[in-house]
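The values are calculated or read from the model by the stated rules, or taken from the named source; none is laboratory data. Everything quoted here is computed from the prediction, not taken from an experiment. A quick note on method: Cβ atoms are made from the backbone with ideal geometry, for glycine too, and the neighbour counts reach across all protein chains shown. Just the protein is used for accessible areas: all its heavy atoms, side chains included, with ligands, DNA and RNA removed. Shrake-Rupley method; radii C 1.70, N 1.55, O 1.52, S 1.80 Å.
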Amino acid sequence: MKNSVLRGSSAANAQGALNQGGGLFKAGWSTGTNSAGQWGYKFRIGIGSSSANPNIARFHMYVPKSFVPNSFANPSIQVKRSLFNLGLKP
């Protein structure tokens, strides 16, 4: 999984410039399953703002073939959380 200044990850407790609450455009990682039912993360793009919760995009689209299984993602997220908690941005 790749985070940057532009993309955020709610799992890593990090917001990116393209994933700000209340914004009209969002891009970042979201949890989900693949066709085999395996849990992991998918890259998602959101447009608009939900009337019920302005921090959530109204429409979402998952980027095809962006699935990252938990077996890879979980250790990566733990490192990102540690760096974020130290004040370092991966």
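Key figures
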| item | result |
| --- | --- |
| Spacing of the two label points (7 Å from each Cα toward its C-beta) at residue 63 and residue 47, in nm | 1.7 |
| Projected label distance in nm at residue 39 and residue 81, using a 7 Å step from Cα toward the beta-carbon | 1.3 |
| Carbon and sulfur %, accessible surface of the range 27-81 computed with the full protein complex present, 1.4 Å | 58 |
| Burial order of peptide ranges 35-45, 59-69 (average beta-carbon count within 10 Å, highest first) | 35-45, 59-69 |
